[in-house]
1. Mind listing the phi-derived Karplus ³J(HN,Hα) values for segment 156-161, rounded to whole Hz, using 6.51, -1.76 and 1.60 with θ = phi - 60°, and x for any glycine or proline?
2. Which one of N108, T149, L48 has its Cα pushed farthest toward the positive end of the charge dipole of segment 48-219, where Lys and Arg give +1 and Asp and Glu give -1 at the Cβ?
3. What area, in nm² and to one decimal, does the C-alpha convex hull of the chain cast on average over all directions?
4. Whole-Hz Karplus ³J(HN,Hα) for segment 150-155, in order, using 6.51 cos²θ - 1.76 cosθ + 1.60 and θ = phi - 60°, x for Gly and Pro?
5. From the backbone phi of segment 171-188, what are the Karplus-calculated ³J(HN,Hα) couplings (6.51 cos²θ - 1.76 cosθ + 1.60, θ = phi - 60°) in whole Hz, Gly and Pro given as x?
6. Can you spot the aspartates and glutamates whose alpha carbon is less than 17 Å from K190's alpha carbon? Ignore those fewer than 8 places along the same chain.
7. Over the chain, what is the relative contact order in whole percent, taking alpha-carbon pairs under 8 Å and six or more residues apart?
8. Step through the table entries K23/K186; K63/K189; K18/K63; K112/K134, compare each Cα-Cα distance with 32 Å, and write down the pairs that go over it.
Amino acid sequence: MIKKIFSYLLPIKIYETKSSLSKSIEVTWSNGELVLDSENANYSYGSLQRILRLGLKNIGYEKIVPMKHILVLGVAGGSVIKTLVDEIKYKGKITGVEIDPEIIKIANTYFKLDEVKNLEIVIDDAFEFVLKTKTKYDLIIIDIFQDTTMPNFLFETFFIHRICFLLNRKGFILFNTMILTDSQNKRNKKYVAEFFNPQFKIRTIPRLEIHNELIVIEKLN
């Protein structure tokens, strides 16, 4: 409790480790809440939770509640899952795919992710999982970063088509992207401009945080 109070003045790191997949993983008290960070980016809770909460609000909580199955690609500490369960009161199935088992151990220890009853965690590469799964989803949340870097496959046409194929009718994709350079800004604009499928509608959400841009893809029928 003392660390929580003092964290309003200065962030207080309580745990740090490295894994074979992540340079650095830190759990920190910041502004009265526990957050999960990499070396240079917020991985869960804090600003990231605010960003993804905005995306979910933009889709509409009333549309999310009756959904039967949600896929989360990139779990980290599980902040978007906690938003779904604790704030939106979503009771359908959630499948979370995370490539780094060390992060899931931290999420269970510090953020009680293993207490979420309607959550199934799959340790796998997101690209491989998307290729293999035969399940259709009502909402797919893509939140995949390696520190401040986004894997190239996320923006490749094959991957876009595949995740769109995995959507049920009237489903949504919520794609969190990071823009740090002019070339990344152009990448996003190209992604949105060149996306064409008469079954889908694509849009961006005005930025809540300066470096993050949310892209929403909606399946119309």
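1. 7, 4, 4, 5, 4, 4
2. L48
3. It is 11.9 nm².
4. Result, rounded to whole Hz: 10, x, 4, 4, 4, 9.
5. Residue by residue, segment 171-188 yields x, 9, 10, 10, 10, 8, 10, 10, 10, 10, 9, 5, 5, 5, 4, 5, 4, 5 Hz.
6. E156, D182, E213
7. This gives 16 percent for the chain.
8. The answer is K18/K63.
Every number here is computed from the coordinates shown, using simple stated rules; none is lab data. Given the structure is predicted, the values throughout are model-derived calculations rather than measurements. As a convention, Cβ positions derive from the backbone with ideal geometry for all residues, glycine included, and neighbour counts pool all protein chains shown.
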